[in-house]
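Readers should treat all values here as calculations from the given coordinates under stated rules, not as data from a laboratory. On a predicted model such as this, the values are computed, not experimentally measured, just so you know. No Cβ is skipped: glycine too gets one built from the backbone with ideal geometry, and neighbour counts run over all protein chains shown.
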Amino acid sequence: MAYLTNQNMAHRKPPTSTLKTQPVSNTKRLLVGLTYGVPSQKRIITAGVFIKYFAECRDCLVMMGLSRAKREIILRLVRFYAYYGKVYPKAKQVAEYPHASKRTFWRAIADMEKEGFIERNNRYLNHLQISNAYRLDKLILLLVRYIAEHREHLFAAHAPDIVFKPLDYFLKAMSICRVRLRDPVPITI
């Protein structure tokens, strides 16, 4: 039996409109959102490289001092990057795997974001947040650096020159550089 009421079934407050006080579109924010993701021809770590050098990627995260659960989560994010070039999973999707939970996912993201290896951008659809997009550019360069130190230099064609610099210079540069692997000039100071 249906009852007619004047209220909607979802008693959600309508979003407050700020269009009159702010410009209709922020071109810088739109550009960042549209240019996220690395096309396959510019990806340094591809799916094949990730599978072949999975042990080295894991060893690099061990050397960083991450726990087993955090390593699992970071490796899942790197796998998304290797296959798709874009990383925007939901916490629930990553937490379905063993050794992970939503809380562990958020802790791992917060730790890597504090260290500067991951950058988080909010994604919206119809003014509602749907998920976060994660930029792993600095983390990818760190993994490539570790693989290049312990294996042959298979990244010579795709990796920026900074990867092959001495370690202390590399770490200093990572802390102050802006890294966007999609751009024609991937590293800017």
Region 60-113: C-alpha gyration tensor shape, a/c 1.5 cut-off, then a/b vs b/c: oblate
Stretch gain in nm, segment I189-A173, where the contour uses 0.36 nm per residue and the Cα spacing is subtracted: 5.0 nm
Listed residues V185, Y83, P98: farthest to the positive end of the dipole of region 38-188 (Cβ charges): P98
Over 26 Å (Cα to Cα) - which of K52/K102; K70/K90; K42/K172; K52/K114; K52/K172 fall in this group: K52/K102; K52/K114; K52/K172
Cα-based reach from K86 at 15 Å (exclusive), listing aspartates and glutamates while leaving out same-chain residues under 8 positions away: E119, D137, D183
Dipole moment magnitude, nearest 20 debye, region 92-189 about Cα centre, only Lys, Arg, Asp, Glu C-beta charged: 380 debye
Rg and Dmax of region 38-188, Cα atoms only, in Å: 15.1, 47
Test item: Cα-centred dipole of region 51-139, Lys/Arg +1 and Asp/Glu -1 on Cβ, debye: 260 debye
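So how do T104, T188, T46 line up by other beta-carbon neighbours within 10 Å, fewest first?
In increasing order of surrounding Cβ atoms, one gets T188, T46, T104.
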